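Participant: Let me begin by handing over the structure; questions about it come next.
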Amino acid sequence: MSHDTQNILRRWREAVPNDRLAHLIRDTERAFRKSLQVRLAAHAVPFGHWAFLRILWEKDGLTQKELSERAGVMEPTTFAAMKAMEAQGYILRKQLPTNKKNVYVYLSAQGRALRKKLVPLAEDTNSISTRDISPDELLTTRRVLLKMIENLAEDELAWETAPQRKSPRLKRTEA
């Protein structure tokens, strides 16, 4: 176990066992990212390209703007990633003769072939993370996280539509 991981676990178990869930979720995401990052690096694929590859494996031929929206990143970040991915031979960027404004992104054969190599690495990361956790606990965790996402999305909508931009009243519940 890495020194960083030991420190995170010690912090959560001893120093701040009742800290906010947002912090625990952030640390969990960091651990997931690091685990997958080392696996991707063995194939010379930067972690920053992972989200774009996953999106393109599901739907090829998106605009750079659509990729940005689906990945949840700013357009300059997407542009830089697409430039690097094109240089690596993973994607092709094209403009349609009928629409010179938009740049469409397509996977190359090499980019498509990465799916068979990389998806098992992500599946390994997930399997490792859920070791010794029962199927019922995983189902509950999934339901809870999805409900948290739903609650936060509703709050975001309420915040955006509130006339005076004040936080909507919260219903407090014990966790």
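Participant: Collect the residues in the stretch 50-75 that are under 16 Å from Ala113 (Cβ atoms) and under 11 Å from the mean Cα position of the chain (by Cα), keeping them in residue-number order.
Facilitator: Trp50, Phe52, Arg54
Participant: Among (1) surrounded by 12 or more Cβ atoms within 10 Å (Cβ to Cβ); (2) in contact (Cβ under 8 Å) with a residue 12 or more places away in the chain; (3) part of a helix (DSSP H, G or I), there is one condition Tyr106 misses while meeting the rest; what is its number?
Facilitator: (3)
Participant: Further question: Select from the stretch 119-167 the residues that are of a type in the set (Lys, Arg) and not in a loop (DSSP other than H, G, I, E, B) and write down the one among them that is nearest to Ala22 (Cα to Cα).
Facilitator: We begin by selecting, within the stretch 119-167, every residue of a type in the set (Lys, Arg); these are 131, 142-143, 147, 165-166.
Narrowing further to those that are not in a loop (DSSP other than H, G, I, E, B): 142-143, 147.
Numbers: Arg142: 15, Arg143: 16, Lys147: 14 Å.
Step by step, filter the stretch 119-167, then rank; the result is Lys147.
A quick yes/no check of all residues on (1) over 27 Å from Ile91 (Cα atoms); (2) modelled with pLDDT of 90 or more; (3) in contact with a Leu (Cβ under 8 Å, 6 or more places away or on another chain); (4) part of a helix (DSSP H, G or I):
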position	(1), (2), (3), (4)
Asp4	yes, no, no, yes
Arg10	yes, no, no, yes
Arg13	yes, no, no, yes
Pro17	yes, no, no, no
Lys34	no, yes, no, yes
Val38	no, yes, no, yes
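Participant: A follow-up question, please. Given the structure, is Gly89 in contact with a helix residue (DSSP H, G or I) (Cβ under 9 Å, 6 or more places away or on another chain) and at pLDDT below 95?
Facilitator: Details: in contact with a helix residue (DSSP H, G or I) (Cβ under 9 Å, 6 or more places away or on another chain): yes; at pLDDT below 95: no.
No, not satisfied.
Participant: For the stretch 85-100, what are the residues that are free of Cβ contacts under 8 Å to residues at least 12 places away in the same chain, touching a strand residue (DSSP E or B) at 6+ places or on another chain (Cβ under 8 Å) and surrounded by fewer than 15 Cβ atoms within 10 Å (Cβ to Cβ)?
Facilitator: Hits for the stretch 85-100 are Gln95, Leu96.
Participant: What residue, of Ala44, Ala109, is modelled with pLDDT of 95 or more, of a type in the set (A, V, I, L, M, F, W, C) and more than 26 Å from Met148 (Cα to Cα)? Before you say what the answer is, go through the steps one by one.
Facilitator: Working: Ala44 fails: modelled with pLDDT of 95 or more.
So the residue among Ala44, Ala109 that is modelled with pLDDT of 95 or more, of a type in the set (A, V, I, L, M, F, W, C) and more than 26 Å from Met148 (Cα to Cα) is Ala109.
Participant: For the stretch 38-84, what are the residues that are touching a His at 6+ places or on another chain (Cβ under 9 Å) and free of Cβ contacts under 8 Å to residues at least 60 places away in the same chain?
Facilitator: Those that are touching a His at 6+ places or on another chain (Cβ under 9 Å) and free of Cβ contacts under 8 Å to residues at least 60 places away in the same chain: Ala81, Ala84.
Participant: On the given criteria, is Arg115 assigned to a loop (DSSP other than H, G, I, E, B) and within 22 Å of Arg33 (Cα to Cα)?
Facilitator: Details: assigned to a loop (DSSP other than H, G, I, E, B): no; within 22 Å of Arg33 (Cα to Cα): yes.
It is false that Arg115 is assigned to a loop (DSSP other than H, G, I, E, B) and within 22 Å of Arg33 (Cα to Cα).
Participant: Right, another one. Could you tell me whether Phe47 is loosely packed, with under 15 Cβ neighbours inside 10 Å and under 19 Å from the mean Cα position of the chain (by Cα)? Steps first, please.
Facilitator: Numbers: loosely packed, with under 15 Cβ neighbours inside 10 Å: yes; under 19 Å from the mean Cα position of the chain (by Cα): yes.
Yes; evaluated as a whole, the condition is true for this residue.
Participant: Would you mention how many residues in the stretch 109-127 are loosely packed, with under 11 Cβ neighbours inside 10 Å and within 22 Å of Glu29 (Cα to Cα)?
Facilitator: Step one: list which residues in the stretch 109-127 are loosely packed, with under 11 Cβ neighbours inside 10 Å, which gives 109, 116, 123, 127.
Then drop every residue that is not within 22 Å of Glu29 (Cα to Cα), which leaves 123, 127.
Going through the stretch 109-127 one residue at a time, the tally reaches 2.
The values are calculated or read from the model by the stated rules, or taken from the named source; none is laboratory data. It should be emphasised that the depicted structure is a prediction, and the values quoted were computed from it without experimental measurement. Note that we place each Cβ from the backbone using ideal geometry, even for glycine, and neighbour counts take in every protein chain shown.
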